[in-house]
Ligand code: CNA
């Protein structure tokens with residue numbers, strides 16, 4: 001379109017002067033252009049003969065979702081998660097207004113909030129990252145109901161794989177076996193020297209971070225910063241992610257997504273990797289940016305991301321509210337609530353001793369819709 005209009009002050013082209021006098025013609029032209037663009041981008045859709053995908057959920061709500069699982073139609077469930085599944089454990093997410101990390105980085109003097117997790121910035125100034133890591137160290141927290149719901153899906157033989165953006169390793173603490181979890185953004189389990197790549201373990205890094213020291217390589221003549229193996233903005237995702245995405249998502253019969261704004265790529269794009277007829281359920285406080293039908297869909301008809309708010313939504317369930325509440329609600333509908341509560345209780349047994357503060361993580365099913 002830019003080529004079609006000349007620089008300011010140029011004589012208008014024939015098409016421009018015509019469309020100025022006949023606005024209805026201009027909108028027809030725009031319509032045709034969009035149609036053409038749509039066909040160019042999706043050549044297979046010519047004459048819009050593509051069959052509408054089948055709606056497999058009786059109702060597009062948590063009840064429909066529970067019925068689908070109860071009827072044994074979901075045997076290869078893939079789950080995806082973000083920081084929202086761990087906020088109830090006391091770990092702040094990135095983007096929640098007020099409580100999210102991005103709203104609380106004033107003291108770090110960063111060029112922008114995302115810099116704290118950007119590899120270029122870390123290489124120059126690792127101190128802010130390690131300062132914040134002290135508050136986020138994974139051994140301080142306990143899994144939430146959502147983590148135990150994942151565990152329950154696994155115990156029942158229904159979990160194909162869990163993909164997490166989280167680095168807190170609470171999935172591990174909840175008892176999900178390593179082969180069932182893809183830590184898409186890595187975790188704190190190991191770290192590597194930025195220069196010589198020598199490996200260090202979590203315990204070694206933890207002691208230094210707790211003592212407000214920047215982990216430095218101990219190899220002779222090195223001394224470079226050691227970075228935990230979490231994926232910073234600007235770094236590639238682990239090979240295990242790339243190797244498993246296609247087989248896992250193409251064979252999934254249900255996708256459950258918990259506590260993520262769905263804005264960080266390429267993770268957010270995974271929602272489009274399941275087959276067209278596969279139901280997708282999104283447990284989140286709000287429709288995250290990446291979960292709404294956007295301008296691109298409106299303009300081109302190409303729908304990427306969840307379509308919870310779209311008029312023709314046939315498969316995307318939005319379970320609004322805290323994901324723990326959503327999980328308890330789903331567990332109740334499935335007849336699994338007692339098992340879920342037992343797992344949670346067992347995992348929190350230590351904190352429930354008199355005087356301990358396990359209350360911060362208590363929740364109930366009321367606020368899920
Ligand atoms: P985000 O962009 O901060 O989004 C979190 C989403 O969860 C938001 O839409 C919130 O509304 C929602 N949310 C928050 N609490 C709850 C709750 N209790 N129930 C339901 N919804 C809730 O975080 P994303 O995970 O989408 O972004 C990906 C980043 C965040 C990844 O790179 C992570 O490494 C990174 N991160 C991880 C942790 C962690 O490991 N716990 C903590 C902070 C950031």
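The values are calculated or read from the model by the stated rules, or taken from the named source; none is laboratory data. Please read these numbers as outputs of a predicted model, since none were measured by experiment. Neighbour counts run over all protein chains shown; Cβ positions are idealised from the backbone, glycine included.
Summary of values
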item	result
Total residues in the stretch 278-291, condition modelled with pLDDT of 95 or more and out of contact with any helix residue (DSSP H, G or I) (no Cβ under 8 Å at 6 or more places or on another chain)	1
All positions within the stretch 330-341 that are surrounded by fewer than 24 Cβ atoms within 10 Å (Cβ to Cβ) and assigned to a helix (DSSP H, G or I)	331, 332, 333, 334, 337, 338, 339, 340, 341
Any chance residue 158 is at negative phi and buried (at least 18 other Cβ atoms within 10 Å of the Cβ)	no
Residues of the stretch 264-279 classified as within 13 Å of the chain's Cα centre (by Cα) and under 24 Å from residue 329 (Cα atoms), total	1
Criterion violated by residue 196 - all others in (1) more than 16 Å from the ligand (Cβ to nearest atom); (2) touching a strand residue (DSSP E or B) at 6+ places or on another chain (Cβ under 7 Å) satisfied	(2)
Residues located in the stretch 66-115, provided they are modelled with pLDDT of 85 or more, in a helix (DSSP H, G or I) and within 16 Å of the ligand (Cβ to nearest atom)	83, 84, 85, 87, 88, 89, 115
Residue in the stretch 233-248 that is under 30 Å from residue 134 (Cβ atoms), within 12 Å of the ligand (Cβ to nearest atom) and modelled with pLDDT of 90 or more present	yes
Pick from the stretch 116-130, criterion away from the ligand (no atom under 12 Å from the Cβ) and touching a residue at least 60 places away in the same chain (Cβ under 8 Å), ranking: surrounded by the most Cβ atoms within 10 Å (Cβ to Cβ)	122
Residues of the stretch 131-184 classified as over 20 Å from residue 231 (Cβ atoms), assigned to a loop (DSSP other than H, G, I, E, B) and more than 10 Å from the ligand (Cβ to nearest atom), total	8
Verdict on residue 203 being within 12 Å of the ligand (Cβ to nearest atom) and either under 23 Å from residue 127 (Cβ atoms) or part of a strand (DSSP E or B) (or both)	no
